[in-house]
Amino acid sequence: RVLQYCTQKIDNINENYKSTYPKGHPFILACQHGNLGDVKKMIKYQRYSNKLLGIGKDSNNYERTALASAVTAEREDVVTYLLSLPEIDVSIKADKSDCNALHYAGGFNERTYILEILLDHPTCTNDAINCLDKYGNTPLDRVFTFNKSDAKKSLITLFENHGAKRKKELEALINAA
């Protein structure tokens, strides 16, 4: 009975998301919209453990991971919760463009808190910080290219303090080596 009750609760949550965003994945949508209660229920009942690192569609029909969706929408509580889960890895590819969560934090965030917690996560390595997407952009490049917020300078400083480089700087280091 307990399992049946839990399954019914999760099915109701799924149906709510599917009725509003039929092409989106319910777990990705819950993370994007900052519905921490739904996210926790979905994780608790193990129905979405495979979507922690997997890519699915959000409400804008973009394909990205749950973490990238929460980072892009600046859902601090959801990002913090996801980062507390052992399966979460900041360095994994978050979309088909080979971006990771740091690319999204740099390109879209208007505050620094999310980038700070991503950079402090144990899976955030120098390789993740200087990861090139399929267009050759590092997360720091995305701050310069896409971020139009007042936090741009602070985001740049945070990245640089953690050893972030721009594509041109990485190429110069490789050539020098």
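Note on K168 and A151: the extension gain reaches 3.8 nm, defined as 0.36 nm multiplied by sequence separation minus the Cα-Cα distance. Each label was represented as a point 7 Å from its Cα along the Cα-to-Cβ direction; for T20 and N60 these points are 1.7 nm apart. Amide H to amide H distances under 5 Å link I55 with no residue, where only residues 5 or more positions off or on other chains count and H is placed in the peptide plane. In the chain, the DSSP-assigned H stretches of four residues or longer account for a calculated mean residue ellipticity at 222 nm of -15500 deg cm²/dmol, using -39500 (n - 2.57) per stretch and the full residue count as denominator. Accessible area per residue was computed with a 1.4 Å probe on protein heavy atoms; K41 scores about 90 Å².
Dipole size in debye (nearest 20) for the chain around its Cα centre, Lys and Arg Cβ +1, Asp and Glu Cβ -1? Don't jump to the answer; show the numbers that get you there.
Details: 24 positive and 22 negative charges, 102 e Å.
Once rounded to the nearest 20, the dipole reads 500 debye.
Note on R111 and D77: their simple-model spin labels are 1.2 nm apart, each label 7 Å out from Cα toward Cβ.
As an exercise, identify the trypsin sites (Lys or Arg not before Pro) in the range 105-143 lying in DSSP coil whose Cβ has no more than 12 other Cβ atoms within 10 Å.
Those that pass, being in a loop and sparsely packed, are K134.
The base-10 log of I(q)/I(0) for the chain, evaluated at q = 0.13, 0.17 Å⁻¹, reads -0.63, -0.99 [Debye formula, identical scatterers on Cα atoms, solvent excluded]. Segment R1..K134, full-extension length gain: 43.0 nm, with 0.36 nm per residue of separation and the alpha-carbon distance subtracted.
Each label point was placed 7 Å from the Cα along the Cα-to-Cβ direction; for K40 and T123 their separation is 2.1 nm. Straight-distance candidates among the aspartates and glutamates for linking to K41, with alpha-carbon spacing under 13 Å and chain neighbours fewer than 8 residues away dropped: D11. The range 53-95 to the range 113-158: how many Å between their Cα centroids? Answer, in whole Å: 15. Stretching the chain fully between K9 and E160 yields a gain of 49.9 nm (0.36 nm per residue, less the alpha carbon separation).
The values are calculated or read from the model by the stated rules, or taken from the named source; none is laboratory data. Nothing here was measured: the structure is a model prediction, and the numbers come from that model. Cβ: placed from backbone, ideal geometry, glycine included. Neighbour counts: every protein chain shown. Ligands, DNA and RNA are stripped out before the accessible areas are found, and what is left, the full protein with its side chains, is counted by its heavy atoms. Shrake-Rupley method; radii C 1.70, N 1.55, O 1.52, S 1.80 Å.
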